């Protein structure tokens, strides 16, 4: 990983919060980005306990200087919460559904990008 970083590559840990993607892994891998798994995001708009957990995780990642990608953004409320919790990038069905490469030419970018 150190060699890749010397060549200017940036490293992202995917699916943080499930499986082997946890704080221990962030300590071992010198990563730039942490992609928070959608299981951490979905439901935070209606569940205060999940919201508290997500806020705590976000605060720790911010204090470690990690950029955060919030996966699973499916509505405006989740988008708002993610932005409030320091998301650098957002990903999810709210911005677009999976599509075939042949359909990308007709894809219209919406005004859902962080400024």
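Any read-out appearing in this document is the output of simple, stated calculations on the displayed coordinates, not a laboratory observation. Remember, predicted model here, so these are calculated numbers, not experimental data. Note: ideal-geometry Cβ built from the backbone for every residue, glycine included; neighbour counts use all protein chains shown.
Where helices (runs of 4 or more DSSP H) fall wholly inside segment 8-80, the ranges with 3 or more residues that are under 15 Å from residue 92 (Cα atoms) are 38-41.
What residue, of 96, 86, is touching a helix residue (DSSP H, G or I) at 6+ places or on another chain (Cβ under 8 Å), assigned to a loop (DSSP other than H, G, I, E, B) and surrounded by 12 or more Cβ atoms within 10 Å (Cβ to Cβ)? Full working, then the answer.
Details: 96 fails: touching a helix residue (DSSP H, G or I) at 6+ places or on another chain (Cβ under 8 Å).
Of 96, 86, the one residue that is touching a helix residue (DSSP H, G or I) at 6+ places or on another chain (Cβ under 8 Å), assigned to a loop (DSSP other than H, G, I, E, B) and surrounded by 12 or more Cβ atoms within 10 Å (Cβ to Cβ) is 86.
Could you check, for segment 26-49, whether at least one of its residues is at positive phi and touching a residue at least 24 places away in the same chain (Cβ under 8 Å)? No; the residues of segment 26-49 include none that is at positive phi and touching a residue at least 24 places away in the same chain (Cβ under 8 Å).
Condition check: in contact with a strand residue (DSSP E or B) (Cβ under 6 Å, 6 or more places away or on another chain) and surrounded by 11 or more Cβ atoms within 10 Å (Cβ to Cβ). Does residue 78 satisfy that? So residue 78 does not fit the description; no.
Within segment 6-25, being free of Cβ contacts under 8 Å to residues at least 12 places away in the same chain and either over 14 Å from residue 68 (Cα atoms) or under 10 Å from the mean Cα position of the chain (by Cα) (or both) holds for 6, 7, 8, 9, 19, 20, 24.
Pick from segment 28-50 the residues that are buried (at least 17 other Cβ atoms within 10 Å of the Cβ) and over 24 Å from residue 3 (Cα atoms): which of them is farthest from the chain's Cα centre (by Cα)? Among those that are buried (at least 17 other Cβ atoms within 10 Å of the Cβ) and over 24 Å from residue 3 (Cα atoms), it is 44.
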